[in-house]
1. Would you say residue 85 is among the acidic types (Asp, Glu), buried (at least 17 other Cβ atoms within 10 Å of the Cβ) and over 27 Å from residue 58 (Cα atoms)?
2. Taking region 362-392 as the region of interest, how many residues are in contact with a Lys or Arg (Cβ under 7 Å, 6 or more places away or on another chain) and either among the aromatic types (Phe, Trp, Tyr) or open to solvent by less than 20 Å² (accessible area, probe 1.4 Å) (or both)?
3. When residues of region 100-139 are filtered for being farther than 20 Å from residue 287 by Cβ and either out of contact with any Lys or Arg (no Cβ under 8 Å at 6 or more places or on another chain) or of a type in the set (Asp, Glu) (or both), how many remain?
4. Does residue 138 count as open to solvent by less than 60 Å² (accessible area, probe 1.4 Å), in contact with a His (Cβ under 6 Å, 6 or more places away or on another chain) and not β-branched (Val, Ile, Thr)?
5. Go through (1) at pLDDT 90 or above; (2) within 18 Å of the chain's Cα centre (by Cα); (3) assigned to a helix (DSSP H, G or I) one by one and return the number of the condition residue 273 breaks.
6. Looking only at residues in region 357-405 that are of a type in the set (A, V, I, L, M) and in a strand (DSSP E or B), which one is farthest from residue 267 (Cα to Cα)?
7. Residue 359 versus (1) at pLDDT 95 or above; (2) open to solvent by less than 40 Å² (accessible area, probe 1.4 Å): which is the lone unmet condition?
8. Test of understanding: among 84, 123, which residue is within 28 Å of residue 150 (Cβ to Cβ) and in contact with a His (Cβ under 9 Å, 6 or more places away or on another chain)?
Amino acid sequence: MASQPNRKIAAAVVREDAEQKQRLLDRAFAFAFRGLVYAQIWEDPVVDMEALAIRPGNRIATIASGGCNVFSYLTADPAEIVAVDLNTAHVALGHLKRIAAARLPDYASFRRFFADADSRDNVEAYKAYVRPHLDEVSRRYWEGRDLVGRRRINGFATGLYKRGLLGNFIGVAHLLARLMKADPRALLEARDIDEQRHIFETKFAPFFDRKFVRWVTDQRSSLFGLGIPPAQYDALAGGKPMADVLRARLEKLSCDFDLKDNYFAWQAFGRGYGRDAQAPLPPYLQADNYAAVKARAERVTMLHANMTDMLAAADDASFDRYIFLDAQDWMSDPQLLALWSEVLRTARPGARVLFRTAAEPSLLPGRLPDALLDRWDYRAAESRDYTRRDRSAIYGGVHLYVLKA
């Protein structure tokens, strides 16, 4: 029998009305998604905070994922952030970050723990400062062992960002690239954007023309490592060969942003953050924000829950900001209606909703009743600009909706 956490994930991704082959793929994804997927979240928090215009006193409802953005939002001084996730590993990671931010003695130890994430000193810091304050469920998770027998907390001694579903996927991609004479780390040595583009066009763009690469990426299961379920695969492809889509997204990541300002590129091409003091980091790991994150860490509430269920249990007019990541790409029309009905009920005046889609357009028109959708102002021009500036470069669209007065 599936565990309760697995049932929650399966309920979200398995399309019971689909053909048997699709249901089997969905269940395979649910199985793969049960462990740590994202050691780092792949949505740009700088874009998020600009779009959300978080104000002191706001209450935020968000999906947790790797937790980077949850704690980055604290720099905007909200009153509370309620972060939910169906994945128990992500919830445990969020609890770990909350306690570590509040309890580690200084910025150097916090940066070593979550930016470097590859020192035995982190395990000792966990025992001394974090473990005594961590909830029992999260403590059991981190002190337990993964599928290959490694104690999970030791990931912070050996390279956390090389673990998890995405970390393993990037590792395999690096191996394949090197076998085809293209080392992804070469991009990190580029001196400017022009050189970044030259390296991409000469070393990496041809990689996607290889028959093997095109065949592999045409398999829906090939993108499980990116956290992309079968239900999202077609939206991402948009009728094009997946190899062409991935090449275009990688081109944006490689060429549209200076690598000195893009920590997503460092994770993709270097499998970790840079060691230099000037290396780009998520806002919550930046030295200038440490005092604020530490002082406000206890404002984060982590829940193992479905977003719709969490909102259904909340009071009317109790939230100001909502962030759904790309979870709606997985949803059926009835699930979308249930979610947005609760959003409307719980939204305070001026509430903002931000989400991402694999495809470029917003997925809401034609899927939500006009009477409900008409309550919201879709900021189309702003959304296109946020999409262009999102440094993670993964998504086709970043979408902002604002509650009408």
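The values are calculated or read from the model by the stated rules, or taken from the named source; none is laboratory data. These figures come from a predicted structure and were not determined experimentally. As a convention, Cβ positions derive from the backbone with ideal geometry for all residues, glycine included, and neighbour counts pool all protein chains shown. Ligands, DNA and RNA are excluded from the accessible area calculation, which covers all protein heavy atoms including side chains. Shrake-Rupley method; radii C 1.70, N 1.55, O 1.52, S 1.80 Å.
1. Numbers: among the acidic types (Asp, Glu): yes; buried (at least 17 other Cβ atoms within 10 Å of the Cβ): yes; over 27 Å from residue 58 (Cα atoms): no.
So residue 85 fails the test.
2. Filtering region 362-392 for residues in contact with a Lys or Arg (Cβ under 7 Å, 6 or more places away or on another chain) gives 375-377.
Add one more test, that the residue is either among the aromatic types (Phe, Trp, Tyr) or open to solvent by less than 20 Å² (accessible area, probe 1.4 Å) (or both), and what stays is 376.
The number of residues fulfilling the criteria is 1.
3. Going residue by residue through region 100-139, those that are farther than 20 Å from residue 287 by Cβ are 120, 123-124, 126-128, 130-139.
Applying the additional criterion that residues be either out of contact with any Lys or Arg (no Cβ under 8 Å at 6 or more places or on another chain) or of a type in the set (Asp, Glu) (or both) yields 120, 123-124, 126-128, 132, 134-138.
Counting residues in region 100-139 that are farther than 20 Å from residue 287 by Cβ and either out of contact with any Lys or Arg (no Cβ under 8 Å at 6 or more places or on another chain) or of a type in the set (Asp, Glu) (or both) gives 12.
4. Working: open to solvent by less than 60 Å² (accessible area, probe 1.4 Å): yes; in contact with a His (Cβ under 6 Å, 6 or more places away or on another chain): yes; not β-branched (Val, Ile, Thr): yes.
Against the criterion (open to solvent by less than 60 Å² (accessible area, probe 1.4 Å), in contact with a His (Cβ under 6 Å, 6 or more places away or on another chain) and not β-branched (Val, Ile, Thr)), residue 138 qualifies.
5. Failing condition for residue 273: (3).
6. Applying the first criterion (of a type in the set (A, V, I, L, M)) to region 357-405 yields 358-359, 363-364, 368, 371-373, 380-381, 393-394, 398, 400, 402-403, 405.
Those still in the list that are in a strand (DSSP E or B) too: 398, 400, 402-403.
Working: 398: 21, 400: 26, 402: 32, 403: 35 Å.
Within region 357-405, the match that is farthest from residue 267 (Cα to Cα) is 403.
7. With respect to (1) at pLDDT 95 or above; (2) open to solvent by less than 40 Å² (accessible area, probe 1.4 Å), residue 359 is out only on (1).
8. Details: 123 fails: in contact with a His (Cβ under 9 Å, 6 or more places away or on another chain).
Result: 84 is the single residue among 84, 123 that is within 28 Å of residue 150 (Cβ to Cβ) and in contact with a His (Cβ under 9 Å, 6 or more places away or on another chain).
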